[in-house]
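Worksheet for the structure shown next.
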Amino acid sequence: MRARTRTAHKAVVLAAVATLGAGLLAGCADDSGGSSSDDSDGGGKGKTTITLGLFGTFGFKEAGLYTEYEKLHPNITIKDTSIERNENYYPALVNHLTTGSGLMDIQAVEVSNIAEVTNTFAGKFEDLSKAPGVQKSNWLGWKWQQATAKDGTTIGLGTDIGPMAICYRTDLFKAAGLPTDRDAVSKLWTGSWDKFVQAGEKYKKKAPSGTTFMDSPGGLLNAMIGSLKKKFYDSSGNVIYKTNKNVKTAFDLTSKAAQEGLVGSQTQFQPAWNQTIANNKFAAISCPPWMLGTLKANSKPDAAGKWDVAQAPVSGNWGGSFLTVPKGGKNTTEAEKLAAWLTAPEQQAKLFAKQGSFPSAPGAYTDAAVTGAKNEMTGDAPIGTIFAQAAKSAPVQIIGPKDQIILQGLTDNGVILVTKGKSPADAWTTATKTIDNNLEK
């Protein structure tokens, strides 16, 4: 959703999850933007309207959380505004923070941007560690720390984390002669992204007409990079993406898959890509829990139950977000209360059960809504257990201030070009030039 200070912020992106033990059970966002005051704009006379700025599909509305909160607080009306791609949402947020205008009461921040926000804009947000009902112990330690600034203030409350799996269409796998049982599917590629591409080559031999093995080159590259311990920055804050052989290996393998026609030619989270979901144009997709919400939102009704979930070749993390309360919003007091409620363990459990967002609150992991969770897209698949297993083995990663710029350059200005006929070498050159130009700005 689901990176992107000049000093690298170490994201202990799932290390603490591994210590939670076998009880760990399994999770991204929309755009809307405060001292509380009455605001009748859309809320009715005497009501306060709380606005949220989000990106992607967080699922709060879809899971009924807004309605529940409004019933508990009859004086509150909630509205959100959604921008699908974080790459479009975040620059606008930075502009609003810089100018001090146009901010929603609550603004979401993606994990790839949280290092830059805490180091550059911390003074522009409320300290949510002091908000009513907020207890540090409700969150995974590393998740809390990601949104904690150098002065000790905590500007964001964690929503979800993104342990990686592979979602696949059982009907398309069957038609292509591949196994459909999730354990057998996992064994096709256990331990190796090369094996994953090889499974794609097998799929292609008998692929149903008009389909590709995987949705997009960006989705494949993102998954591989999400499984690396070190990706774009080193522990000293130096940019290393061009010299990190593992990043280049991931780029080259994705380019190979693109040349062989194993991936679609669309950019993720764009309207044309959404349409490939609706039209059943691919058989597999890199799938953190929040992706289930994306599949649900873009699929036709007859796709329900035709998906299943297998383990990824190598465990990784993709996404995870935070809710912040800008000081420049209109209703900071009420916004703090809502942000705390939406990210409480009970609500995180409900969100996972209905939308697939994996909780960042360990208190949710024993909740029946998590342990017994099913998703209509994946039928009887025990998604709580599946994503928990992925979370426990995912690597610790370093998050840098410009991770988003680097990743977007490698995907949207890099591997996608190979599907258009550009050579992998030329695509790498274009991507690195684009990235370096953007890093210099």
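The values are calculated or read from the model by the stated rules, or taken from the named source; none is laboratory data. These numbers come from a predicted model, not from an experiment. Don't worry about glycine lacking a Cβ; one is built from the backbone with ideal geometry, like all the others, and counts go over all protein chains shown.
List of remarks:
- Test: residue in segment 110-119 that is out of contact with any Phe, Trp or Tyr (no Cβ under 6 Å at 6 or more places or on another chain) and outside any helix (DSSP H, G or I): yes
- Unmet requirement for residue 93, which otherwise passes all of (1) surrounded by fewer than 21 Cβ atoms within 10 Å (Cβ to Cβ); (2) under 18 Å from the mean Cα position of the chain (by Cα): (1)
- Comparison of 300, 327 shows that the only residue that is within 23 Å of residue 270 (Cβ to Cβ) and of a type outside the set (Gly, Ala, Ser) is 300.
- Test for residue 405: is it of a type outside the set (Gly, Ala, Ser), out of contact with any strand residue (DSSP E or B) (no Cβ under 7 Å at 6 or more places or on another chain) and under 29 Å from residue 264 (Cα atoms): yes
To keep it simple, each residue is scored yes or no on (1) buried (at least 23 other Cβ atoms within 10 Å of the Cβ); (2) over 20 Å from the mean Cα position of the chain (by Cα); (3) closer than 18 Å to residue 257 by Cα.
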residue: 381; (1), (2), (3): no, yes, no
residue: 385; (1), (2), (3): no, no, no
residue: 397; (1), (2), (3): yes, no, no
residue: 406; (1), (2), (3): yes, no, no
residue: 414; (1), (2), (3): yes, yes, yes
residue: 417; (1), (2), (3): no, yes, yes
residue: 420; (1), (2), (3): no, yes, yes
residue: 428; (1), (2), (3): no, yes, yes
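- Among the residues making up segment 303-320, those that are modelled with pLDDT of 95 or more and either over 30 Å from residue 230 (Cα atoms) or of a type outside the set (Val, Ile, Thr) (or both) are 303, 304, 305, 306, 307, 308, 310, 311, 312, 313.
- Candidate set: segment 56-82, residues that are modelled with pLDDT under 95 and among the hydrophobic types (A, V, I, L, M, F, W, C); chosen: the one surrounded by the most Cβ atoms within 10 Å (Cβ to Cβ): 58
- Yes/no for residue 52 being assigned to a helix (DSSP H, G or I), of a type in the set (A, V, I, L, M, F, W, C), surrounded by 16 or more Cβ atoms within 10 Å (Cβ to Cβ) and in contact with a helix residue (DSSP H, G or I) (Cβ under 9 Å, 6 or more places away or on another chain): no
- Hey, residue 392 crowded, with 17+ Cβ neighbours inside 10 Å and over 13 Å from residue 258 (Cα atoms) or not: yes
- Test: residue in segment 276-285 that is under 16 Å from the mean Cα position of the chain (by Cα) and part of a helix (DSSP H, G or I): no
- Within segment 227-264, if we keep just the residues that are among the small types (Gly, Ala, Ser), under 25 Å from residue 391 (Cβ atoms) and surrounded by 15 or more Cβ atoms within 10 Å (Cβ to Cβ), the residue that is modelled with the lowest pLDDT turns out to be 227.
- Residue that is assigned to a loop (DSSP other than H, G, I, E, B) and either closer than 21 Å to residue 217 by Cβ or touching a His at 6+ places or on another chain (Cβ under 7 Å) (or both), where the choices are 421, 409, 414: 421
- Residue list for segment 208-226, restricted to those being over 25 Å from residue 404 (Cβ atoms) and crowded, with 21+ Cβ neighbours inside 10 Å: 212, 213
- Identity of the residue in segment 351-391, part of a helix (DSSP H, G or I), within 13 Å of residue 60 (Cβ to Cβ) and touching a helix residue (DSSP H, G or I) at 6+ places or on another chain (Cβ under 6 Å), that ends up modelled with the lowest pLDDT: 355
- The number of residues in segment 257-270 that are on the phi < 0 side of the Ramachandran plot and over 18 Å from the mean Cα position of the chain (by Cα) comes to 9.
- Residue within segment 314-336 that is out of contact with any Gly (no Cβ under 6 Å at 6 or more places or on another chain), surrounded by fewer than 20 Cβ atoms within 10 Å (Cβ to Cβ) and in a helix (DSSP H, G or I) present: yes
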